[in-house]
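Reading through the structure tokens given below for one structure.
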Amino acid sequence: ETGVTQTPRHLVMGMTNKKSLKCEQHLGHNAMYWYKQSAKKPLELMFVYNFKEQTENNSVPSRFSPECPNSSHLFLHLHTLQPEDSALYLCASSLWVAGDQETQYFGPGTRLLVL
Amino acid sequence: AQTVTQSQPEMSVQEAETVTLSCTYDTSESDYYLFWYKQPPSRQMILVIRQEAYKQQNATENRFSVNFQKAAKSFSLKISDSQLGDAAMYFCAYRSRMEYGNKLVFGAGTILRVKS
């Protein structure tokens, strides 16, 4: 596998379920991101991890819980979601060098439907 | 806070012709990056082109070029010799170069349709 991969590609869950989204990057990057893409809205940054440390939480509800065990893997744990959380969730990664960030590369996304 | 505006929700172009997608942004900073990303239907978002604000020369990548007007805060994308594979949603994005500025700010996107 090359680039940024995400699993699953599609997910349907009930409001009481617990599920996790997985992202893996094979680019040697040290920063990873979660974005939410809803219909007719700009992409919204959710979380940023630099060197496995969370550096940004963009006022995301606690029903979304990120985890970054190492610089290649990023998870988004989901619990008690709401129907309005249905969206495409995109993972991205980049290289952070000497105080500057290189271009972000995106995964294919997980299409989430909350019933 | 920075904002990015794409005023064209949809554009159409005939195959082999040229189309320009508009993007304006608002920032008080002088050092930043601008990007155009392409997201084909049900496919991965990929980087099309990137521009550093300190560079006066417009970036080009094969059939893709930008018209960067820093004073006007405008960053349009020109696609020459359009191909069917260019059909996608195109996003304009901004990122500060300040040390803490690792956030990409996206516009709402422009759907590009290519007619054969």
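Nothing in this text is a laboratory measurement; each read-out follows from the coordinates by a stated rule. None of these values were measured; they are calculated from a predicted model. With ideal geometry, Cβ positions are generated from the backbone for all residues, glycine too; neighbour counts draw on all protein chains shown.
Tabulated data for the structure shown
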{"item": "Solitary cysteines of chain A, where the nearest other Cys Cβ is not under 4.7 Å", "result": "A:C68"}
{"item": "Distance between modelled label sites at B:Q83 and A:N17, nm, 7 Å Cα→Cβ extension", "result": "3.8 nm"}
{"item": "Test item: Cα-centred dipole of chain A, Lys/Arg +1 and Asp/Glu -1 on Cβ, debye", "result": "480 debye"}
{"item": "Only Lys, Arg (+1) and Asp, Glu (-1) charged, at Cβ; the protein assembly as shown dipole about Cα centre in debye", "result": "480 debye"}
{"item": "Nonlocal amide H pairs with B:R63, under 5 Å, H built at 1.01 Å", "result": "none"}
{"item": "Derived scalar couplings ³J(HN,Hα) [the stretch B:21-27; Karplus, 6.51 cos²θ - 1.76 cosθ + 1.60; whole Hz; x for Gly, Pro]", "result": "9, 9, 8, 10, 9, 10, 7"}
{"item": "Distant alpha-carbon pairs in the protein assembly as shown (separation over 22 angstrom), percent", "result": "53 percent"}
{"item": "Linear extension gain, A:E44 paired with A:S59, 0.36 nm per residue minus alpha-carbon span", "result": "4.3 nm"}
{"item": "Burial ordering of A:K52, B:K55, fewest other beta-carbon atoms within 10 Å first", "result": "B:K55, A:K52"}
{"item": "Dipole axis of the stretch B:3-115 (+1 Lys, Arg; -1 Asp, Glu on Cβ), positive-most option in B:T24, B:A93, B:F64", "result": "B:A93"}
{"item": "Estimated translational D of chain B in µm²/s (Stokes, Kirkwood radius over Cα pairs; 25 °C; 0.890 mPa s)", "result": "172 µm²/s"}
{"item": "Sites excluded, GluC sites (Glu not before Pro) in DSSP loops with at most 15 other C-beta within 10 Å, longest stretch of chain B", "result": "B:30-98"}
{"item": "Listed residues B:S74, B:S28, B:S65, most fluctuating in chain B (Gaussian network, C-alpha, under 10 Å)", "result": "B:S28"}
{"item": "Phi-based couplings in Hz for the stretch A:106-111 (Karplus 6.51, -1.76, 1.60; Gly and Pro marked x)", "result": "9, x, x, x, 10, 7"}
